Structure formats: structure tokens, C-alpha cells
1. For segment 136-160: of the residues being outside any strand (DSSP E or B), surrounded by 11 or more Cβ atoms within 10 Å (Cβ to Cβ) and at pLDDT below 90, which is farthest from the chain's Cα centre (by Cα)?
2. Kindly evaluate L169 against the criterion of being in a strand (DSSP E or B) and aliphatic (A, V, I, L, M).
3. Can you tell me which of (1) of a type outside the set (K, R); (2) modelled with pLDDT of 75 or more; (3) in a helix (DSSP H, G or I) is the one Y186 doesn't meet?
4. I'm trying to understand the selection: among the residues of segment 61-101, which are among the charged types (D, E, K, R) and either surrounded by 14 or more Cβ atoms within 10 Å (Cβ to Cβ) or touching a Pro at 6+ places or on another chain (Cβ under 8 Å) (or both)?
5. How many residues does segment 111-133 hold that are part of a helix (DSSP H, G or I) and more than 25 Å from R17 (Cβ to Cβ)?
6. For segment 25-37, does any single residue satisfy the condition of being loosely packed, with under 12 Cβ neighbours inside 10 Å, among the β-branched types (V, I, T) and without any contact (Cβ under 8 Å) to a residue 24 or more places away in the chain?
7. Restricting the search to segment 94-121, which residues are farther than 21 Å from D165 by Cβ and at pLDDT 95 or above?
8. Would you confirm, using the coordinates I've provided, whether L113 is crowded, with 16+ Cβ neighbours inside 10 Å and closer than 11 Å to V152 by Cα?
Amino acid sequence: MLPLLLNTAMDSILKNRFDKYRTDGTFPPEMLELEHLGIKPFSDIESLNNWRENSSALQIMDEKVGYVLSGKIDDVLVESNGRLIPADYKSSGNAPAEDKQKYYADQLAAYGLMFSKAGHEVSDRAYLLHYFVKDKTDGAIDVTFDSHLDLVPINLKAIEKKLADMVGLLNFPYPGDNPECQKCAYYSGRSEAVS
């Protein structure tokens with residue numbers, strides 16, 4: 001539970017940090033690269049706080065396909081043409097891996113899809129705003145963080161298809177396991193260990 005509580009605390013700190021600069025229409029100094037990319041902070045703090053705090057604020061209920069998609073976003077950025085850019089804060093003890101963004105592409109695309117279904121124009125990109133411990137060997141209680149900005153391309157049609165494929169898979173009869181499949185072998189071995 002402790003790491004989750006620390007990440008939640010960091011998210012609150014980062015939201016407050018970005019909101020402090022948002023009132024002036026800018027970003028914290030470590031993220032000014034966003035301005036050089038022609039990006040502005042989302043200025044409607046009331047809507048943003050609703051999207052941050054209420055998981056049903058952007059909820060999609062697709063009865064035809066058979067899913068409900070909801071979530072709380074950390075931040076929203078805006079392109080010069082007004083399209084919304086989903087953004088997510090990430091905090092850790094280590095610098096982000098070079099390919100870390102691939103693990104969050106679906107999450108960020110899902111936010112984009114929710115915005116699109118709510119009538120907003122959405123970018124084909126999202127960002128991860130990474131904050132990580134600068135020096136883990138420093139014994140000071142005041143921890144210093146470094147930051148890194150990660151571009152994540154998103155595809156709303158692809159995530160919509162993926163959601164439909166997931167529902168189809170979950171509604172399909174159980175195919176059984178295959179002893180030749182490494183994933184099935186792992187699953188079978190795991191259930192035997194639990195028995």
C-alpha cells in the first residue's frame with residue numbers, strides 16, 4: 001500500500017504545482033519545453049477538476065459493443081488549434097525507461113477517446129510528465145526530483161477497436177489451455193501452485 005500512497009501524494013503535489021502556473025497560462029519551469037512545442041495549459045480549472053475527481057465525468061457507455069469506460073485524468077494540455085492533449089503524471093525512484101511510454105499508450109488513448117465522445121477535438125498525441133528522484137544516494141529528507149517529458153502517440157480508432165476486441169474475447173467461450181503455449185503453461189502452473 002505504501003508505494004500507492006506515495007504516488008497518490010505525488011499526483012496531488014504535481015496537480016497543485018501545475019495549477020499554480022496554470023493561473024498565469026504557463027507551465028512549471030521544468031516543463032517549459034511544452035510551450036516551445038506550441039502547447040498551452042488547459043485553462044478551465046473547473047472542468048479539469050471535475051475530470052480529475054469524478055470518474056464518471058467523461059464516462060463512455062457503449063451498449064452496442066458492451067462496455068463502460070471511465071477514468072480520472074491528471075492533466076490536459078491544449079494545442080494551438082484547440083485540440084486537447086491527454087497528460088498523465090508519473091513519479092518514481094528511477095529515471096523512466098526509454099520505452100516506458102508504450103505501457104501507457106492505451107491509457108492515454110482511452111482518455112482521448114473519452115474526450116472525443118464528449119464532443120472535444122482531440123490530438124493524436126499525449127504526454128507523460130515524469131518526475132523521479134534525482135539522487136537516491138543523498139540521505140537528505142528533502143528529496144530532489146528531476147523531470148522528463150515523454151511524447152506518446154495515440155490513435156483513437158485503434159483504442160476503440162481494441163476495446164471491442166476485448167469485449168469480444170471476454171464474451172467468447174473459454175478456449176481451454178494449450179500445453180504448448182507459454183502463457184497457458186504459466187497459468188496452469190500458477191493454479192497448481194495455489195492448490
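The values are calculated or read from the model by the stated rules, or taken from the named source; none is laboratory data. Keep in mind that what you see is a predicted model, and the values were worked out from it rather than measured. Cβ placement follows ideal geometry from the backbone for every residue including glycine, while neighbour counts extend to all protein chains displayed.
1. So in segment 136-160, the residues outside any strand (DSSP E or B) come out as 136-144, 154-160.
Still in the list and also surrounded by 11 or more Cβ atoms within 10 Å (Cβ to Cβ): 138, 143, 154-156, 158-160.
Filter again for at pLDDT below 90, leaving 138, 143.
Values: D138: 30, V143: 24 Å.
Here the residue is D138.
2. Taking the combined requirement at face value, the residue does not satisfy it.
3. (2)
4. Those that are among the charged types (D, E, K, R) and either surrounded by 14 or more Cβ atoms within 10 Å (Cβ to Cβ) or touching a Pro at 6+ places or on another chain (Cβ under 8 Å) (or both): D62, K72, D74, D75, E79, R83, D88, K90, K100.
5. Residues flagged as part of a helix (DSSP H, G or I) and more than 25 Å from R17 (Cβ to Cβ) within segment 111-133 amount to 3.
6. The answer is no; no qualifying residue exists.
7. Matches in segment 94-121: F115, A118, G119, H120, E121.
8. So L113 does not fit the description; no.
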